[in-house]
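Asker: One structure coming up, written as structure tokens, with questions to follow.
The values are calculated or read from the model by the stated rules, or taken from the named source; none is laboratory data. This structure is a prediction, so every number in the text was calculated from the model and none was measured. No Cβ is skipped: glycine too gets one built from the backbone with ideal geometry, and neighbour counts run over all protein chains shown. Heads up: the accessible areas ignore ligands, DNA and RNA and are worked out on the full protein's heavy atoms, side chains in. Shrake-Rupley method; radii C 1.70, N 1.55, O 1.52, S 1.80 Å.
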Amino acid sequence: MGNTIAQKIIRQHLVSGEMTVGADIGLRIDQTLTQDATGTMAYLEFEAMGVPRVKTERSVAYIDHNTLQSGFENADDHQFIQSIAQKHGIYFSRPGNGICHQLHLERFGIPGKTLIGSDSHTPTGGGIGMLAFGAGGLDVAVAMGGGEYHINMPKMTKIELTGKLSPWVSAKDVILAVLQKMSVKGGVGKIIEYGGDGIRTLSVPERATITNMGTELGATTSIFPSDEITKAFLEAQGRGDCWVELSSDPDAVYDEIIQLDLSALVPMAACPHSPDAVKTVEEIGKIKIDQCCIGSCTNSSYLDMMRVASILKGHTIHPDVSLTIGCGSKQVYQMLASNGALADIIAAGARILECACGPCIGMGQSPNSGGISLRTFNRNFEGRSGTADAQVYLVSPETAAVSAINGCLTDPRTLGAQTEITLPEKFLINDNLILPPVPEELMETVEIKRGPNIKPFPVSEALPERIQKKAILKVGDNITTDHIMPAGSKILPYRSNIPYLSNFCFGVCDKEFPERCKAEDGGIVIGGSNYGQGSSREHAALVPLYLGIRAVVAKSYARIHCANLANAGLLPLQFKVESDYDGIDQMDELSLPRIREELTAGTDVTMENLTKGTTLHLTAVLTDRQRAMVLAGGLLNYTKNTAK
Ligand code: MIC
Ligand code: SF4
């Protein structure tokens, strides 16, 4: 029996476990990346492990999220990360260089290698045939120290692309169509591989847009083959020597095959407030808009921006619309500046932002009250833009650009003939904002700069025999990590200050939550299905831990968050009978009377609802290794214990 692309890479990197679906496997990780909002914590954890130099082939620390410096915090954190990187063997990408995923694709990614990143959109690397996963900071720290990265062996899904995109229909429309078919839960437990004749019509940046947003499907990762198109891209980046060919075997077996005819696709939009609330632009109609934001790690490549420039050229944006442009990297900006495209964008009236995450993570450019914002980003969760009642639609750069001119959502196909844009034979290469680490013999000379914003992070204790706590919060389905631990310009600077962050925990759902936790000495959170979807931020586990949360009981979990709970020493528990969710009210007194014994034995977990007088049965969503971890009080304690 042949292998899929992912199975081939997994086989080459398998350190422990069997490649049977659902089994816990440990992988050797070749490369890691961090960004600043999760990076400070990841490096504090790396320091706590006491490993002097990273053991990966390449580790890179990017600064792209916290670039709005409205106080000392972000700049201090950047200096901390820079000094840690210099000392411990990590490349450092300075602020101003661009967004981690775009940059990693351009400058570091290698087909066939494994990559984990403390950011959920790390699967962008799948666009050049990397097996790339989003992970919690602690997992990245462990991988930097040479440890395995654990996942449950995923199912293999193939999306067979046929045909060719029509003019004005773009890669964003492909992934929005996939989201419409599969939903934000449709990719859970799966690796999505793209294949079929249609892939030959898609360039690397287009493929990367698709694998980037595979995260919104809940997929473990997404990947394209590495072919002549990948080779041409890497050559144009001056990195042709790292190209290897990668494809699935003709007799590879997939658990699921989905057909998608590219020729049949039309411009799409994800409506508020979920990336899978997808309709065609035509169906939604010409709604009046207030803002368009073009950029983010999903759609900020040279190709995207050249298309936008060609639409804006010679036009002025509508008087009621604010248009922002944020290129994904310095390379993209510099090339647009040299070929005149940036002048066309500026002339049209766009507001030019630095190459960083910016409005995608609520760092500026929050829309007006009730404003309608078209964004080329990958998430439109409620409140994420920084304006609680804003209505965010996710669209392609083409749709955003033409809509900015017209003042209303517009199907770009109304523009007539499309100017063909191709990738350059050579990208402009200037790595002057990437600082290599100091040589190992000089590492002692590097002093770590630790600003006052950096506070110690909470570490759990060994699991007690029993837990008795209140159902301190009950929430519904598809709770995102943006609900649990919001981001945005007011909070994001405090990612290395868990005590301060805790004041905002679950603020989107219930402002009283932190106070209630303090009054009740924590509790148990009750969740619906797909609990913890979205970001990889381990703060969504560490902050609840700090507030005294010991367990979450939900209908189902998103992969990275579930792993982060276990890493932090919190219990991710799941209802055996889903309807039992209905029998718990907020503030019911709950007891897990034999939790330590049951977890040790690997049996079901008993929960008594003392208020209602009922007994429920739960499963712990943990592999054997994670069970041992939670018993020990989280991954750090576990690692220390097993190292003895
Ligand atoms: C996001 O898009 O939500 C982020 C900000 O990039 C996060 C990481 C974070 O919370 O810092 C992600 O997707 O993992
Ligand atoms: Fe940055 Fe947005 Fe991409 Fe997250 S999704 S890495 S915030 S650009």
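Asker: What is the Cα radius of gyration of segment 299-384 over 2.2 N^0.38 Å, N being its residue count?
Answerer: Here the answer is 1.09, to two decimals.
Asker: Follow-up. What is the diffusion coefficient of segment 45-181 in µm²/s, taking the Kirkwood radius over Cα pairs and the Stokes-Einstein relation at 20 °C with a viscosity of 1.002 mPa s?
Answerer: Reported coefficient: 125 µm²/s.
Asker: May I ask you to list the lysines whose Cα is less than 24 Å away from that of Lys87, ignoring any residue fewer than eight positions away on the same chain?
Answerer: List returned: Lys55, Lys449, Lys455, Lys640.
Asker: Suppose a student asked you for the relative contact order of the chain, using Cα pairs under 8 Å spaced at least 6 residues apart; what percent would you report?
Answerer: So the answer I get is 14 percent.
Asker: When N counts the residues of segment 113-251, how does its alpha-carbon radius of gyration compare numerically with 2.2 N^0.38 Å, as a ratio?
Answerer: 1.04
Asker: Can you pull the one-decimal nm distance between simple spin-label points at Glu515 and Asp197, each 7 Å off the Cα toward Cβ?
Answerer: Here the modelled spin labels are 6.5 nm apart.
Asker: Next up: Within segment 363-439, report the GluC sites (Glu not before Pro) that DSSP leaves as loop and that have at most 14 other Cβ atoms within 10 Å.
Answerer: Glu420, Glu425
Asker: Taking the dipole about the Cα centre of the chain, with the C-beta of Lys and Arg at +1 and of Asp and Glu at -1, give me whichever of Pro167, Gly2, Ile352 is farthest to the positive side.
Answerer: Ile352
Asker: Right, here's the next one. When the solvent-accessible surface of protein heavy atoms is calculated with a 1.4 angstrom probe, in what order do Ile317, Ile352 fall, highest first?
Answerer: These residues rank, largest area first, as Ile352, Ile317.
Asker: At a threshold of 8 angstrom on Cα-Cα distance, excluding pairs fewer than six apart, so keeping six or more, what relative contact order does segment 110-151 reach in percent?
Answerer: 35 percent
Asker: Let me ask something else. Roughly how many whole Å is it from the C-alpha centroid of segment 273-335 to that of segment 1-60?
Answerer: Cα centres, segment 273-335 to segment 1-60: 34 Å.
Asker: Now, a different point. Please say if segment 451-567 is rounded, prolate or oblate, where rounded means a/c under 1.5 for a ≥ b ≥ c the square roots of the C-alpha gyration tensor eigenvalues, and otherwise the choice is prolate for a/b larger than b/c and oblate otherwise?
Answerer: Rounded is the answer for segment 451-567, as its axis ratio a/c remains below 1.5.
Asker: If you find the alpha carbon centre of segment 564-641 and of segment 529-545, how far apart are they in angstrom?
Answerer: Segment 564-641 and segment 529-545 have Cα centres spaced 16 Å from each other.
Asker: Near Lys155, which lysines are there with a Cα under 21 Å away, not counting those fewer than 8 places off in the same chain?
Answerer: Lys155 reaches Lys8, Lys113, Lys181, Lys185, Lys190, Lys555.
Asker: What whole number of Å gives the distance from the Cα centroid of segment 409-475 to the Cα centroid of segment 67-128?
Answerer: Cα centres, segment 67-128 to segment 409-475: 6 Å.
Asker: Spin-label point model (7 Å from Cα, Cβ direction): what's the Thr603 to Ala48 distance in nm?
Answerer: Between Thr603 and Ala48, the label points sit 3.3 nm apart.
Asker: With each label point set 7 Å from Cα along the Cα-Cβ vector, what nm distance links Ile429 and Ile258?
Answerer: In this crude label model, Ile429 to Ile258 measures out at 3.6 nm.
Asker: Another question, then. Would you calculate a helix-derived [θ] at 222 nm for the chain, using -39,500 (n - 2.57) for each DSSP H run of n ≥ 4 and dividing by the full residue count, to the nearest 500?
Answerer: -8000 deg cm²/dmol
Asker: Determine how large the accessible area of His483 is when every protein chain is in place; take a 1.4 Å probe and give Å² rounded to the nearest 10.
Answerer: Result for His483: roughly 30 Å² accessible.
Asker: Using a 1.4 Å probe and ignoring any ligands, DNA or RNA, find the accessible area of Cys242 and quote it in Å² to the nearest 10.
Answerer: About 20 Å², rounded to the nearest 10.
Asker: Pick out, in residue order, every one of the trypsin sites (Lys or Arg not before Pro) in segment 352-427 that is DSSP loop and has at most 12 other C-beta atoms within 10 Å; say none if there are none. Could you put the intermediate results ahead of the total?
Answerer: Working: sites: Arg375, Arg379, Arg384, Arg413, Lys426; in loops: Arg379, Arg384, Lys426.
For trypsin sites (Lys or Arg not before Pro) across segment 352-427 that sit outside H, G, I, E and B with at most 12 neighbouring Cβ atoms in 10 Å, the list reads Lys426.
Asker: Provide the packing ranking of 146-158, 611-623, 294-306, i.e. peptides ordered by the mean count of other C-beta atoms within 10 Å per residue, highest first. Walk me through the intermediate numbers first.
Answerer: Working: 146-158: 20.5, 611-623: 16.3, 294-306: 28.8.
Packing order, densest peptide first, comes out as 294-306, 146-158, 611-623.
Asker: Another one. For segment 225-373, what is the number of Lys pairs with C-alpha distance below 27 angstrom, counting only pairs 8 or more positions apart or on separate chains?
Answerer: On the way: Lys231/Lys330; Lys279/Lys288; Lys286/Lys313; Lys288/Lys313; Lys313/Lys330.
Lysine pairs satisfying the spacing and distance rule in segment 225-373 number 5.
Asker: Which whole-number percentage describes the relative contact order of segment 86-243, with Cα contacts under 8 Å and a sequence gap of 6 or more?
Answerer: 27 percent
Asker: With a 1.4 Å probe and all protein chains in place, put Trp243, Trp168 in order of accessible area, largest first.
Answerer: Trp243, Trp168
Asker: Calculate the translational D of segment 443-501 in whole µm² s⁻¹ from Stokes-Einstein, where the hydrodynamic radius comes from the Kirkwood formula applied to all Cα pairs, the temperature is 25 °C and the viscosity 0.890 mPa s.
Answerer: Details: Rh = 15.6 Å.
Estimated diffusion coefficient is 158 µm²/s.
Asker: Taking one equal scatterer on every alpha-carbon of the chain, how large is log10 of I(q)/I(0) by Debye at q = 0.05, 0.06, 0.10 1/Å?
Answerer: Debye output, listed in q order: -0.20, -0.30, -0.86.
Asker: For Lys164, give me every one of the aspartates and glutamates with a C-alpha distance below 20 angstrom, ignoring sequence neighbours fewer than eight places off in its own chain.
Answerer: Qualifying aspartates and glutamates at Cα under 20 Å: Asp173, Glu193, Asp197, Glu206, Asp227, Glu228, Asp261, Asp304, Glu398, Asp411, Glu420.
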